[in-house]
1. With everything on Cα atoms, drop me the angle between helix 53-74 and the longest principal axis of the chain, reported from 0 to 90° to the nearest 10.
2. I'd like the orientation of helix 2-47 relative to the chain: the angle between its Cα long axis and the longest Cα principal axis, in ° from 0 to 90, rounded to 10.
3. Residue farthest toward the positive end of the dipole of the chain, with Cβ of Lys/Arg at +1 and Asp/Glu at -1: which of LEU28, LEU66, ILE82?
4. May I ask for the percentage of alpha-carbon pairs in the chain that lie more than 16 Å from each other?
5. Compute the angle between helix 78-95 and the longest alpha-carbon principal axis of the chain, please, reported from 0 to 90 degrees and rounded to the nearest 10.
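Any read-out appearing in this document is the output of simple, stated calculations on the displayed coordinates, not a laboratory observation. Worth saying up front: this structure is predicted, and the values here are computed from it rather than measured. Quick reminder, even Gly has a Cβ in these numbers, built from the backbone with ideal geometry, and neighbours come from all protein chains shown.
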Amino acid sequence: MQVESFFEWLGQALGAVIRFIVDGLSGLFNALTHAGGNFVEGLSQTLGMDTSIISILALIVGLMLLYSAIRAFMRASIIMGIIWLLLGLWLLSWVIH
């Protein structure tokens, strides 16, 4: 009888600890998700673009193309710099309204 109550108490204590950890992590991840959503919403409103994942990916690719253009200009490769610059600006103009 005494052993059964000990294991019951141990199970309840372990369950309470696990529940506390799960609730804490759930709150943390909810806060991070909310912050990320607010960031994407603010970015999309400022740039005048949609909040879809395709638009965000196109924005990232366009910025990478502009970065490639800058690197090409730094290497004194004028033709490749102009090509990367035009591709980047074309993609960003398509994404940003």
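1. 50 degrees
2. Here the helix axis deviates by roughly 20 degrees.
3. Value computed over the given set: ILE82.
4. 71 percent
5. Tilt relative to the chain: about 50 degrees.
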